[in-house]
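Colleague: My questions will all concern the structure given below.
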Amino acid sequence: MEHYYQPEVECAPREQIRAWQSERLVRQVRNVWENVPHYRRKMEEKGVTPDDIKSVDDLYKLPFVTKADLRETYPCGMMARPLTDCVRVHATSGTTGKRVMGFYTQHDMDLWEDCVARAITAAGGTSADICQVAYGYGMFTGGLGFDGGSRKVGCLTVPISSGNTDRQITFLRDLGTTLLCCTPSYAAYLGESMKEMGLTPDQIPLKRGIFGAEAWSEEMRRDIEETLGIKAYDIYGLTELSGPGVAYECSEQSGLHINEDHFIAEIIDPDTGEVLPDGSKGELVFTALTREAFPLLRYRTRDICQLKYEACACGRTFIKMCKPMGRSDDMLIIRGVNVFPSQVETVLLNHGYPANYQILVDRVRNTDTLDIKVEMTPEMFTDNLGEITRRQKELTEGLRAMLGLTAKVTLVAPKSIARSEGKAVRVIDKRKL
Ligand code: DLL
């Protein structure tokens, strides 16, 4: 039994979706040309005018928007509406010095919440669900984005926000929460904490979870599903394009349907900017077709991804993106080798280490060092040094096979690496300091 929130859109014929996209693109390009001087300048530099854009086929003619454009025009320079027309602003944390703000009219809020409602419904959520929103509320888009979507579906919405694990578990049990929304790393942590309290999956009322805002592997999905006794679905989005709900998983759990009536996705070569053929791996670029206040065209996300064009068994006709494989700017270059944190995570999970880990990179006497701290779970904890050395060696071998690099692996006691309630901090690169 498949669930849809807006079947007339989510399952529309491909030609219809393309027609919507072309019509909306033409309108949006004109809107941006008339209202966003920075982008108009970029178009003029490229020799493009709105008359050159007649359909989706002309998209490639438009200039990209990058984080640098957002910085240059911070905070309001890419807006197409005055602040007085807006009802909401969200922002990224800006811990890396790259704060981004996004603005919304009431219309933008409505469409964004529809996207999140589609995601909740695709994950099997209905008005009978009790939805605990454990993403952070506030400037981060996770909490309030899910809040809006959950209320649209008609779920009883629990706006608990992130953190305070004991309180999360108390509400979850007292209310009988059936749907949990938070980052995957926090879901794993909640699962671990409940296991320690002696709760088995059948004693946990949860049925499903929608987790996103950071990369997580299939191995991590299996682990969360087992500990919490749920089905775990992925959701993708970014502040620049509204927040959660740009793409969402359905019952097939094999890629995330892109809300193509609102966003056009492209895959480009991150080095040359060239659009790559269907099915290639590269940088994901989005064009926002319906946003009024902050309409970005061809926005470079820095996320490395692949698009899937095959028909989906769920009946939705929107194309799918695979789980993002990392960010082009998250990629570490260690002793000349490209390393994505997700590759390290896959090796650890394949070797049975579902808990926390941290990647530390430094440079000693002009040579990069790679140290990986891996937490043991309470069940695997031992103080037998011989056994620890054997396991560390085994992991070092596994990592060498995956990365082509030798890492120094240290197994550490359960819960000795600090937990994050939002996005996990997995990499500490001291070379940049
Ligand atoms: O993380 C919005 C969001 C909130 C998505 C809640 C899903 C759930 P930002 O803080 O602007 O927005 O971060 C956006 O996070 O470019 C990706 O690199 C990463 N990201 C988001 N979702 C996923 C995901 C929110 N499902 C950046 N898998 C994006 C992998 C993700 N990475």
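Colleague: Are there strands (runs of 3 or more DSSP E) fully within the stretch 235-306 with at least 1 residues that are more than 13 Å from the ligand (Cβ to nearest atom), without any contact (Cβ under 8 Å) to a residue 60 or more places away in the chain and surrounded by fewer than 19 Cβ atoms within 10 Å (Cβ to Cβ)? List them.
Modeller: Correct list: 281-288.
Colleague: Same structure again: Since Arg335 meets every condition but one in (1) open to solvent by less than 10 Å² (accessible area, probe 1.4 Å); (2) away from the ligand (no atom under 15 Å from the Cβ); (3) in contact with a strand residue (DSSP E or B) (Cβ under 7 Å, 6 or more places away or on another chain), which condition does it not meet?
Modeller: (1)
Colleague: Considering (1) touching a Lys or Arg at 6+ places or on another chain (Cβ under 7 Å); (2) of a type in the set (Asp, Glu); (3) assigned to a helix (DSSP H, G or I), say which one Asp223 fails and leave the rest.
Modeller: (1)
Colleague: Select from the stretch 1-22 the residues that are at pLDDT 95 or above and open to solvent by 80 Å² or more (accessible area, probe 1.4 Å) and write down the one among them that is farthest from the chain's Cα centre (by Cα).
Modeller: Glu15
Colleague: Count, please, the residues in the stretch 168-177 that happen to be open to solvent by 20 Å² or more (accessible area, probe 1.4 Å) and either within 15 Å of the ligand (Cβ to nearest atom) or in contact (Cβ under 8 Å) with a residue 12 or more places away in the chain (or both). Steps first, answer last, please.
Modeller: Start the filter on the stretch 168-177 by keeping residues that are open to solvent by 20 Å² or more (accessible area, probe 1.4 Å), which leaves 170-171, 173-176.
Adding the requirement that they be either within 15 Å of the ligand (Cβ to nearest atom) or in contact (Cβ under 8 Å) with a residue 12 or more places away in the chain (or both) leaves 171, 173, 175-176.
Residues flagged as open to solvent by 20 Å² or more (accessible area, probe 1.4 Å) and either within 15 Å of the ligand (Cβ to nearest atom) or in contact (Cβ under 8 Å) with a residue 12 or more places away in the chain (or both) within the stretch 168-177 amount to 4.
Colleague: Only one residue in Glu196, Glu219 is at pLDDT below 95, within 15 Å of the ligand (Cβ to nearest atom) and surrounded by fewer than 22 Cβ atoms within 10 Å (Cβ to Cβ), so which one is that?
Modeller: Of the residues listed, the single one that is at pLDDT below 95, within 15 Å of the ligand (Cβ to nearest atom) and surrounded by fewer than 22 Cβ atoms within 10 Å (Cβ to Cβ) is Glu219.
Colleague: Going by the conditions given, is Gly326 in contact with a helix residue (DSSP H, G or I) (Cβ under 9 Å, 6 or more places away or on another chain) and in contact (Cβ under 8 Å) with a residue 40 or more places away in the chain?
Modeller: Answer is yes for this residue.
Colleague: So is Ala355 in contact with an Asp or Glu (Cβ under 9 Å, 6 or more places away or on another chain) and under 23 Å from Arg18 (Cβ atoms) or not?
Modeller: no
Colleague: How many residues, within the stretch 23-37, are open to solvent by 20 Å² or more (accessible area, probe 1.4 Å) and more than 26 Å from the chain's Cα centre (by Cα)?
Modeller: Going through the stretch 23-37 one residue at a time, the tally reaches 9.
Colleague: Would you be able to tell me the number of residues in the stretch 312-327 that are assigned to a loop (DSSP other than H, G, I, E, B), open to solvent by 40 Å² or more (accessible area, probe 1.4 Å) and modelled with pLDDT under 95?
Modeller: Within the stretch 312-327, residues that are assigned to a loop (DSSP other than H, G, I, E, B), open to solvent by 40 Å² or more (accessible area, probe 1.4 Å) and modelled with pLDDT under 95 number 1.
Colleague: From the list Leu395, Leu360, which one is surrounded by 14 or more Cβ atoms within 10 Å (Cβ to Cβ) and not in a helix (DSSP H, G or I)?
Modeller: Being surrounded by 14 or more Cβ atoms within 10 Å (Cβ to Cβ) and not in a helix (DSSP H, G or I) holds for just one of Leu395, Leu360, which is Leu360.
Colleague: Return yes when Leu206 is more than 15 Å from the ligand (Cβ to nearest atom) and in contact with a strand residue (DSSP E or B) (Cβ under 7 Å, 6 or more places away or on another chain) and no when it is not.
Modeller: Considered against the rule, which asks whether it is more than 15 Å from the ligand (Cβ to nearest atom) and in contact with a strand residue (DSSP E or B) (Cβ under 7 Å, 6 or more places away or on another chain), Leu206 comes out as yes.
Colleague: Now for a different question. Looking at (1) charged (D, E, K, R); (2) closer than 19 Å to Arg327 by Cβ; (3) open to solvent by 40 Å² or more (accessible area, probe 1.4 Å), which one does Glu345 not meet, given that it meets all the others?
Modeller: Unmet condition: (3).
Colleague: Looking at the stretch 403-424, which of the residues that are open to solvent by 80 Å² or more (accessible area, probe 1.4 Å) and in contact with a Ser or Thr (Cβ under 9 Å, 6 or more places away or on another chain) is modelled with the lowest pLDDT?
Modeller: Within the stretch 403-424, the match that is modelled with the lowest pLDDT is Glu421.
Colleague: Then there's this: Which condition does Tyr189 not pass, out of (1) of a type outside the set (S, T, N, Q); (2) crowded, with 21+ Cβ neighbours inside 10 Å; (3) outside any loop (DSSP other than H, G, I, E, B); (4) at pLDDT 95 or above, if it passes all the others?
Modeller: (4)
Colleague: Would you pick out the residues in the stretch 39-49 that are assigned to a helix (DSSP H, G or I) and over 28 Å from the mean Cα position of the chain (by Cα)?
Modeller: Once the filter is applied, which keeps residues that are assigned to a helix (DSSP H, G or I) and over 28 Å from the mean Cα position of the chain (by Cα), the stretch 39-49 yields Arg40, Arg41, Lys42, Met43, Glu44, Glu45, Lys46.
The values are calculated or read from the model by the stated rules, or taken from the named source; none is laboratory data. Just so it is clear, the structure is predicted and the values come from calculations on it, not from any experiment. No Cβ is skipped: glycine too gets one built from the backbone with ideal geometry, and neighbour counts run over all protein chains shown. These accessible areas exclude ligands, DNA and RNA; they are computed on the full protein's heavy atoms, side chains included. Shrake-Rupley method; radii C 1.70, N 1.55, O 1.52, S 1.80 Å.
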